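All of the numbers you see were taken from the coordinates with simple rules; none came from a lab. Keep in mind that this is a model prediction, so the values were computed, not measured. Quick reminder, even Gly has a Cβ in these numbers, built from the backbone with ideal geometry, and neighbours come from all protein chains shown.
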Amino acid sequence: MTSPLQRALAAFQPRRTFPYDRVLNWFPGHMAKGLRVIQSKLSSTDLVIEVRDARIPVTSINPRFERLVGRKNRIVVYNKVDLADPTLTDLFRTALQKRQKVNVSYHLASTYDASNMRKLLELAGSKGAELHSLTALVVGMPNVGKSSLINALRNVGTRRGKAAKTGAQAGVTRSVASVVKVYEEPPIYLIDTPGVMPPHIPSPEAGIKIALTGGMRDHLADEQVIADYLLFQLNLHSRFEYASWAKTPDLMPTNDIHILLDSIARRIGAIHTGGEPDHTAAARFWIKQYREGKLGRMTLDEVRLADTPVVETESRRQEKKRSKLEKRKQARKDGTVSVP
């Protein structure tokens, strides 16, 4: 026999779409410079380690890296697997392997697992078996965990402490760092690089996913919008445990972010003078819970995205310029007046 709460949960209808049309782009000057330096370093390195976020395994692919790296040996590391849905992580890896080239290997990584880090060191070493030493360039989008990965590998491989600076916010590494030795025999050296975003994010939802996982500064997307997208995803995946955690009305899930933020604000004591709940503080707390894995392991990308080719997109300005050039070319071909 089902309880009233179970019947109410069964009747709950989550939102199926998340209306959002703002395209988020974040490509500051240090990223453009970092991209140029990465390109200049490629010829003097033996291997590229590209780090992606296992929670957004497709969205965290930067098409610019695909073009830059070309045929060079590469290990694609899906980091933060301890925060992602394990079933979906395996499905994504299988789907992406079918699409990639023979010079690419894959590794599912958790920097908290020493045996996992040893396996990655062995994989990297196998890429330079004929070399006396190996130097690898570590690339990826912001906050996918490049510096944490380097520190974990160094700790396991050399028993030494932290070498690369880390932080919870995107954009901690702003320049190409010095060479870090992470293994003694054979010697393996890693070069940390700045997190580089695609100059143009392909869709509004891709931008929100990157923001939710910490890949760009929160204020660029608006904390309450990010919080609402997290609520949307949890409901879509039938992850309703948050309702009892946040003490929502009747301990029921909700599609209304304001109801949830009211409940969270009261739970954590984030109340303005006069008794109004502080929604911004509540949203920040809510987002932090997800990033730390306290709301469960959840992957934001859908499996079907793994079969979609990742291409570099244009900004609206570039698209308009290209369209105008094509019209001029066609006008000359037709012998008509050129488009202004």
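Here's the list of aspartates and glutamates a cross-link from residue 247 could span, going by alpha-carbon distance under 19 Å and ignoring same-chain residues fewer than 8 apart: 228, 256, 262, 276, 278. On full extension, the segment bounded by residue 98 and residue 303 gains 72.5 nm, given 0.36 nm per residue less the C-alpha separation.
Kindly flag which residue pairs out of 101/127; 41/80; 80/146; 80/209; 98/146; 41/72 have an alpha-carbon separation exceeding 21 Å in this structure. Long pairs (Cα-Cα over 21 Å): 41/80; 98/146.
In the stretch 2-115, the alpha-carbon atoms span a convex hull of 200 Å³ per residue. With the convex hull drawn over the C-alpha atoms of the stretch 29-192, the volume per residue is 109 Å³. The simple Förster model, with R0 at 51 Å and r as the Cβ-Cβ distance, assigns residue 272 and residue 121 a FRET efficiency of 0.50. Here the residues 278, 228, 90, 53, ranked from fewest to most Cβ neighbours within 10 Å of their Cβ, fall in the order 90, 278, 228, 53.
Net charge of the neighbourhood of residue 272, taken over other residues with C-beta under 14 Å away and scored Lys/Arg +1, Asp/Glu -1, is -2. If R₀ is 25 angstrom, what is the calculated FRET efficiency for the pair residue 252 and residue 16, using the beta carbon separation as r and rounding to 0.05? The calculated FRET efficiency here is 0.85. When you filter the chymotrypsin sites (Phe, Trp or Tyr not before Pro) in the stretch 52-133 for DSSP loop state and at most 12 other Cβ atoms inside 10 Å of their Cβ, you are left with 112. Subtracting the Cα-Cα distance of residue 30 and residue 91 from 0.36 nm times their residue separation leaves 18.5 nm of extension gain. Count Lys and Arg as plus one, Asp and Glu as minus one, and take only other residues whose Cβ is under 12 Å from that of residue 231; the net charge is then 0.
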